[in-house]
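Everything below concerns the one structure shown next.
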Amino acid sequence: MISILTATIKGVLRDKVFHGILFIACLFLFIPVASTFSLRQVVQLAVTLSLSLISFLLLLLAVFLGGTSLWKDMDRRYTHSVLGGTPVSRTSYLLGKFSGVSLFIIMTALLLGIIGFAAIWSTSIVYPPDRPLLWLNILCAVFFDSLKYILLVAVAFLLSTVSTSFFLPIFGTIATFLAGSATQEVYDYFQTEQGMQLPAGIKSTALFFYYLLPNFSAFDLKANAIYSIPLDSGGLLLTFVYTVVYVAILLTSASLLFVKRELL
Amino acid sequence: MKLIAILVILFAVYATLLVPFTQHLQTKPFLEKVGYVPEPLVVKMLAFDQRHAVAAGLIFRVLIYYGTLVEKKRITTTPPDDSSMRAILSVTSRLDPYNMDTYYFAQSLVWDEVKVRETIKLLEYGMRFRDWDFYLPFFAGFNYAFFLKDYKAAATHYTTAARLTGSDLFSRLASRYMYESGQTELAIGYLDAMIKSSRNEAIKKSFETRRSALLEVRRIEMARDRYREQFGRLPALLGELFDQGLLTRPVIDPYGGVFYIESDGTVRSTSKFAGRTENND
């Protein structure tokens, strides 16, 4: 499994997608200047832009690496040669690939986080904020963003195991991300007076998807990071456990499907 | 060779097109430029995990629009599309209720009773989130006292501001408001504070224009008070103050209006201290 993980990371580093993302990361250089457009919250805008850019880049990585990593190997028949000629089991292979992409996402988040921290710090030197920055909150926001995208990678892997082209893993992952980011808003809407009046069928369908799809709003700690709002440690722990359980379910399902899949 | 000639011609056509094209884009109405902004719930769902960045982006677009009007001094001839700007600020407050720029900019647009109620609502909404920030109760307190003459509500907000800052300045302000005296002077003081804390040139300019207008109002009020002392009645027309030598320099409304005195002695301007339209001239 370790050798698959190492090979995955090496493969990602050679990938053009990664180079493109590094190029987009140059936008961090403009954050201190762009933040000065704010009327009253220059540093807060620097944090907003840094976290948004990190989140966006991690989303691209999760969708493209998660969606193509496994599929590409199958398409090139690399999976068949590895699994046929070595004692590596299909489950180990899948977990190795997943761990490789996940580790790479964490490493990228760390790198982007350091660059983002530098952009925020340099802005805060010139424009001291009204409220002191809570660096731990910013760190937590980046970390939970990484967890969110690792969960998304798990979704992409599950879709890759049943797909014969890259369309389903890529677009299915994007659709899951969009839906998973909006489910909490929809759920909250159903709790309002207006939402209560909607037909029961619509509400139960929405509720079904609310529980089925990953709830990405739990990972959004941007407000806590930007405005130095205290974090709820209990909530963070719950979110962490939620991620572990959800990823485990996805990977187990993916493994079951992958074992039965015809690779020729 | 033929292709190169075609390319050169196309570039020439493009260059000719650029000037009117840019002008057309510049003169587009605000709503067309920014586009229709849907209900906050819809925007929130469409923004995914980027709602803070989307809110910052929308505020930025409003600021650019307003800033262009102020910087190019077109504000006296082209009134800003106030309702659209407020609609966007309402959306941004829902997208990111902690964003101070929304409240600060909304407050900078206030200068009449209609807008003030909306702004107070927005500020009171923001206070639920920015519970550490004295600016919001400070703004709300000023709006209640100065525009709505609701001194009880103003005092409540100033007490909150005093609690948050630990300073008795706001308590003193609240008590002064209770006496309903020196309203213009207080407004000038408020604007001085806002100008000092303002970083954005366009907003700063709009505050400075307002302060210039209020300084003129104060000058007329002082002359009016001296007139009342001398003649035991209020002047019916502004001209009487000039006739009696109580005003020497002409009074100029930077918003392009004409000052007048109401029957109860209140000094007003035909501009209502807002950008006037060409039709009103």
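The values are calculated or read from the model by the stated rules, or taken from the named source; none is laboratory data. Please read these numbers as outputs of a predicted model, since none were measured by experiment. Because the Cβ atoms are built from the backbone with ideal geometry, glycine has one as well, and the counts that use them run over all protein chains shown.
Structure notes:
- Only one of B:Gly256, B:Gly189, B:Gly232, B:Gly239 that is touching a residue at least 60 places away in the same chain (Cβ under 8 Å) and out of contact with any helix residue (DSSP H, G or I) (no Cβ under 6 Å at 6 or more places or on another chain): B:Gly256
- Residue within the stretch A:75-93 that is among the hydrophobic types (A, V, I, L, M, F, W, C), in contact (Cβ under 8 Å) with a residue 40 or more places away in the chain and outside any helix (DSSP H, G or I) present: yes
- Complete set of residues in the stretch B:130-155 that are more than 30 Å from A:Asn224 (Cβ to Cβ) and charged (D, E, K, R): B:Lys149, B:Asp150, B:Lys152
- Some residue of the stretch B:228-247 being closer than 16 Å to B:Thr184 by Cα and over 22 Å from the mean Cα position of the chain (by Cα): no
- Candidates are the residues of the stretch B:236-281 that are part of a loop (DSSP other than H, G, I, E, B) and touching a Leu at 6+ places or on another chain (Cβ under 6 Å); the one that is modelled with the lowest pLDDT is B:Gly265.
- Under the condition of being of a type in the set (D, E, K, R) and free of Cβ contacts under 8 Å to residues at least 24 places away in the same chain, the residues counted in the stretch B:194-228 number 7.
- If you go through the stretch B:134-159 and keep only what is of a type in the set (A, V, I, L, M, F, W, C) and part of a loop (DSSP other than H, G, I, E, B), you end up with B:Phe134, B:Phe147, B:Leu148.
- Residue that is nearest to A:Val12 (Cα to Cα), among those in the stretch A:59-80 that are within 13 Å of the chain's Cα centre (by Cα) and more than 10 Å from every other protein chain (Cβ to nearest Cβ): A:Leu65
- Residue check for A:Thr91: within 30 Å of A:Val259 (Cβ to Cβ), touching a helix residue (DSSP H, G or I) at 6+ places or on another chain (Cβ under 8 Å) and surrounded by 14 or more Cβ atoms within 10 Å (Cβ to Cβ): yes
- Of B:Arg172, B:Arg210, B:Arg163, B:Arg224, all but one fail to be at pLDDT below 90, part of a helix (DSSP H, G or I), among the basic types (Lys, Arg) and touching a helix residue (DSSP H, G or I) at 6+ places or on another chain (Cβ under 7 Å); the exception is B:Arg210.
- Among residues of the stretch A:109-137 that are over 14 Å from A:Leu27 (Cα atoms), those with a beta-carbon under 9 Å from a residue that is of a type in the set (Lys, Arg) and part of a loop (DSSP other than H, G, I, E, B) at least six positions away or on a different chain give the pairs A:Tyr127/B:Arg199; A:Asp130/A:Arg40.
- Selection from the stretch B:27-67 of residues that are part of a helix (DSSP H, G or I) and at pLDDT below 70: B:Phe30, B:Leu31, B:Glu32, B:Lys33, B:Val34
- Of the helices (runs of 4 or more DSSP H) that lie entirely inside the stretch A:1-73, those containing 3 or more residues that are under 29 Å from A:Val155 (Cα atoms) span A:2-14, A:16-24.
- Entry remark, the stretch B:91-133: residues being out of contact with any Ser or Thr (no Cβ under 7 Å at 6 or more places or on another chain), in a helix (DSSP H, G or I) and more than 9 Å from chain A (Cβ to nearest Cβ) number 15 in total.
- Any hit, the stretch A:65-78, residues being at pLDDT 80 or above and within 26 Å of A:Ala118 (Cβ to Cβ): yes
- Comparison of A:Thr161, A:Thr239 shows that the only residue that is surrounded by 12 or more Cβ atoms within 10 Å (Cβ to Cβ) and closer than 30 Å to A:Val43 by Cα is A:Thr239.
- Pairs with Cβ under 9 Å, 6+ apart, first in the stretch A:181-198 and within 18 Å of A:Ala218 (Cβ to Cβ) and away from every other protein chain (no Cβ under 11 Å), second assigned to a loop (DSSP other than H, G, I, E, B) and among the basic types (Lys, Arg): none
- Pair list, Cβ under 6 Å, 6 or more apart: the stretch A:51-64 residue in contact (Cβ under 8 Å) with a residue 12 or more places away in the chain and closer than 15 Å to A:Val142 by Cα, other residue in a helix (DSSP H, G or I) and basic (Lys, Arg): A:Leu51/A:Lys222
- Residue in the stretch A:1-12 that is free of Cβ contacts under 8 Å to residues at least 60 places away in the same chain, more than 13 Å from chain B (Cβ to nearest Cβ) and of a type outside the set (Gly, Ala, Ser) present: yes
- For the stretch B:41-58, filtered to residues that are more than 27 Å from A:Gly195 (Cα to Cα) and facing chain A (nearest Cβ under 8 Å), the residue that is farthest from the chain's Cα centre (by Cα) is B:Ala53.
- Per the listing B:Lys121, B:Lys72, the residue uniquely under 27 Å from B:Arg268 (Cα atoms), at pLDDT below 90 and either of a type in the set (D, E, K, R) or buried (at least 18 other Cβ atoms within 10 Å of the Cβ) (or both) is B:Lys72.
- For A:Ala223: the one exception among (1) touching a residue at least 60 places away in the same chain (Cβ under 8 Å); (2) buried (at least 17 other Cβ atoms within 10 Å of the Cβ); (3) out of contact with any Leu (no Cβ under 6 Å at 6 or more places or on another chain): (1)
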